[in-house]
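The next block holds one structure in the form of structure tokens; read it before the comments.
The values are calculated or read from the model by the stated rules, or taken from the named source; none is laboratory data. Everything numeric in this text was worked out from a predicted model, so none of it was measured. Glycine gets a Cβ as well: all are built from the backbone with ideal geometry, and neighbour counts include every protein chain shown. These accessible areas exclude ligands, DNA and RNA; they are computed on the full protein's heavy atoms, side chains included. Shrake-Rupley method; radii C 1.70, N 1.55, O 1.52, S 1.80 Å.
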Amino acid sequence: MAKKTPINPANVWKPEDYFNLYLQPGLARTPPEHAGWAQGARHGNFVFISGQTPTLEDGTTVAKDMHAQLRQALINFQRVIEAEGGTLQDVVQIRYYFHAGYMEEGLAALRDLGAEFWSYPYPSTTCVEVVRVAWADHLLDIEGMAILDG
């Protein structure tokens, strides 16, 4: 049986950088193998995409704008799948977590941007409003699952 493998594409901010962002002087940097998570994981044909944020490759947040944040999070989401040879058409489930007070704005952004990323048949979709997402300047977080052929 296939083993689980981590997915950390070079064009998506590295999980270890989350820990190293607030590194105190004198402390060793957290190496990738001790980061605690990956941007995705693959087991056989199943690809599980970790919560993707509106974070650019350098670790900065794209903007404090729902449309810009949704687009960047979806780009990161897509990059994780593409790192395994898949496409967004392989996505069977996606979950959007919108920061409290931003659900309507998030749904409007999905309406406006959805066709840039999704086409029929659409993935199973869930939208949830949460008290907070990973970073204070993030308005959303996206996670999901894809199934790749062969």
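Go through (1) hydrophobic (A, V, I, L, M, F, W, C); (2) closer than 11 Å to Ile147 by Cα; (3) over 11 Å from the mean Cα position of the chain (by Cα) for Phe48 and report which single condition fails.
Against the list (1) hydrophobic (A, V, I, L, M, F, W, C); (2) closer than 11 Å to Ile147 by Cα; (3) over 11 Å from the mean Cα position of the chain (by Cα), Phe48 comes up short only on (3).
Could you tell me whether any residue of the range 75-83 is aliphatic (A, V, I, L, M) and out of contact with any strand residue (DSSP E or B) (no Cβ under 7 Å at 6 or more places or on another chain)?
yes
Any idea which residue in the range 124-150 is least open to solvent (accessible area, probe 1.4 Å), counting only those that are touching a helix residue (DSSP H, G or I) at 6+ places or on another chain (Cβ under 8 Å) and free of Cβ contacts under 8 Å to residues at least 40 places away in the same chain?
The selected residue is Cys127.
Looking at Val131, Val80, which one is under 30 Å from Thr5 (Cβ atoms) and either touching a His at 6+ places or on another chain (Cβ under 7 Å) or aliphatic (A, V, I, L, M) (or both)?
It is Val80.
Within the range 106-150, can you find the residues that are among the polar types (S, T, N, Q) and touching a strand residue (DSSP E or B) at 6+ places or on another chain (Cβ under 7 Å)?
The answer is Ser124, Thr125, Thr126.
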